[in-house]
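Okay, so here's the structure we're looking at.
The values are calculated or read from the model by the stated rules, or taken from the named source; none is laboratory data. Since we're looking at a predicted model, the values are computed, not measured. In this analysis, Cβ positions are derived from the backbone assuming ideal geometry, glycine residues included, and neighbour counts consider all displayed protein chains. The accessibility values were calculated without ligands, DNA or RNA, using every heavy atom of the protein model including side chains. Shrake-Rupley method; radii C 1.70, N 1.55, O 1.52, S 1.80 Å.
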Amino acid sequence: MGHLVLVGLPGVGKTTLARALAERWHTEALDTDDVLASAVGASAARYLRDEGETSYRTRELEALRVVLDEASDAVIATGGGIVCSSGARAALSEAFTLWLDCDDDVILARLGDGDRPLLAAGPAEGLKRLRSEREEWYREVSRGRIDTSAPLDEVVAHVAREVDRLTR
């Protein structure tokens, strides 16, 4: 299969979908936030809060490179802001990357009270800002956009069809 990398805003379902797809395809699910956390000894959210976004993006790019280099066959979930780094965008453009997206109302309901430092000041306004800043980059690095509003089993089936169609 190779790599399938999932990008998108916080709360679109990257980690959940990566796990479901990996189970379907009998492969590994990896998450760049987990790799980053293991490297720095703190959660991705805590590291971002404590060290700032510049340091976080550097570590995030390192985590992306690790999963792309070390795993030959995996579904990879990324942090929502991975596209903010030009180095990460270059790596994502060379990988088989899909952009996951859905309406902001769905995202906000999924996020609930989760630990999202970049949305802490006001989730709805923050999400709108992140979408505005990142949407072009998601489009730039991806082979397609997948709406994740539907139930998980439907999204998994849709992604499987899209991957099949795009890899023929």
For the range 1-16, pairs from a residue that is at positive phi to a residue that is among the aromatic types (F, W, Y) and open to solvent by less than 20 Å² (accessible area, probe 1.4 Å), with Cβ under 7 Å and 6 or more apart or across chains, are G8/W99; G8/Y138
Exercise for the section: Might you let me know whether the range 131-139 holds any residue that is over 14 Å from the mean Cα position of the chain (by Cα) and at pLDDT 95 or above? Expected result: yes
Q.
Residues that are open to solvent by less than 20 Å² (accessible area, probe 1.4 Å) and closer than 19 Å to S132 by Cβ: does the range 46-54 have at least one?
A. no
The strands (runs of 3 or more DSSP E) lying wholly within the range 24-105 that contain at least 1 residues that are within 13 Å of the chain's Cα centre (by Cα) and of a type in the set (V, I, T) are 74-77, 97-101
message: Suppose the filter is modelled with pLDDT of 95 or more, more than 13 Å from the chain's Cα centre (by Cα), assigned to a helix (DSSP H, G or I) and farther than 23 Å from L36 by Cβ; does V156 pass it?
response: yes
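Listed here are the residues, each with its yes/no results for (1) closer than 21 Å to V163 by Cα; (2) among the aliphatic types (A, V, I, L, M); (3) modelled with pLDDT of 95 or more; (4) touching a His at 6+ places or on another chain (Cβ under 8 Å).
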residue	(1), (2), (3), (4)
A29	yes, yes, yes, no
A71	yes, yes, no, yes
I76	yes, yes, yes, yes
C84	no, no, no, no
P10 meets each of (1) at pLDDT 90 or above; (2) within 13 Å of the chain's Cα centre (by Cα) with one exception, condition (1)
Within the range 137-153, residues being open to solvent by less than 20 Å² (accessible area, probe 1.4 Å) and in a helix (DSSP H, G or I) number 2
